[in-house]
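A short worksheet on the structure shown next.
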Amino acid sequence: MEILKRLEAKVLSIRTFRALVNPETEIPEQKAFTLVFLSPEYRGNPEELPKSTADRIQKTFLKRGQTDRLYRNTMVFIIASELVYTKLEESIREYLACKKTDEDYRSQLETEQKEEIKRKLDDFHKRADSLIQTCYSLAVKPKSKGTPTLLTLSNTANSTWETQIHKTLE
């Protein structure tokens with residue numbers, strides 16, 4: 001849940017494209033270019049897509065309810081990388097544990113301990129936020145027939161998702 005919350009917040013910075021985070025399988029027709037960020041349960045790696053992830057993407061790509069989708073070329077799916085997901089999950093766990101400690105014991109802590117927890121919370125928060133973008137680094141361009149194209153977003157220092165996506169899809 002925390003990962004999706006952070007993903008939604010991070011996606012708000014995307015201005016050039018329409019972006020959907022964890023949509024239902026039946027999303028409306030997308031006439032404009034749309035990035036579809038899937039839930040972290042649908043992950044992959046740069047070499048291949050697991051069957052469950054490929055099936056989820058293909059179903060959304062081909063159908064809109066019971067009818068065929070007309071504007072198929074307008075959607076690119078962004079999925080989490082299996083390689084980075086465990087680091088992200090660990091970072092989120094550390095953040096939530098520290099936050100829980102702060103909430104439960106704040107009134108019992110000395111000033112120095114409160115400052116230490118605040119510093120750790122800030123560090124865990126920053127680490128988790130940076131890992132969100134690193135984790136969601138696989139773009140999938142489905143095809144009506146055949147295997148979808150799997151692209152790795154070029155993750156350069158200080159580049160935004162928009163910049164990475166533009167460079168990758170050119």
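The values are calculated or read from the model by the stated rules, or taken from the named source; none is laboratory data. Bear in mind the structure is a predicted one, so any value in this text is a computation, not a measurement. Cβ: placed from backbone, ideal geometry, glycine included. Neighbour counts: every protein chain shown. Quick note on the areas: whole protein, heavy atoms, side chains included, nothing else; ligands and nucleic acids left out. Shrake-Rupley method; radii C 1.70, N 1.55, O 1.52, S 1.80 Å.
Using a probe radius of 1.4 Å on heavy atoms only, what accessible surface per residue do you get for the range 1-123? Whole Å² is fine.
Working: 7530 Å² over 123 residues.
Value for the range 1-123: 61 Å² per residue.
Name the residues whose placed amide hydrogens come within less than 5 Å of the amide hydrogen of residue 154, ignoring near sequence neighbours (fewer than 5 apart) on the same chain.
Counting only residues 5 or more places away or on other chains, the set is 168.
Which residue, 111, 36, 91, has the largest displacement toward the positive end of the dipole of the chain when charges sit on each Cβ (Lys, Arg +1; Asp, Glu -1)?
Selected residue: 36.
Of all accessible surface on the range 2-65 at a 1.4 Å probe, what whole percent is carbon and sulfur? Walk me through the intermediate numbers first.
On the way: 1680 of 3410 Å².
In the range 2-65, the share of accessible area belonging to carbon and sulfur is 49 percent.
Which GluC sites (Glu not before Pro) does the range 73-163 hold that lie in a coil by DSSP with at most 16 other beta carbons within 10 Å? Write down the numbers at each step before the final one.
Details: sites: 82, 89, 90, 94, 103, 110, 112, 115, 116, 162; in loops: 110.
For GluC sites (Glu not before Pro) across the range 73-163 that sit outside H, G, I, E and B with at most 16 neighbouring Cβ atoms in 10 Å, the list reads 110.
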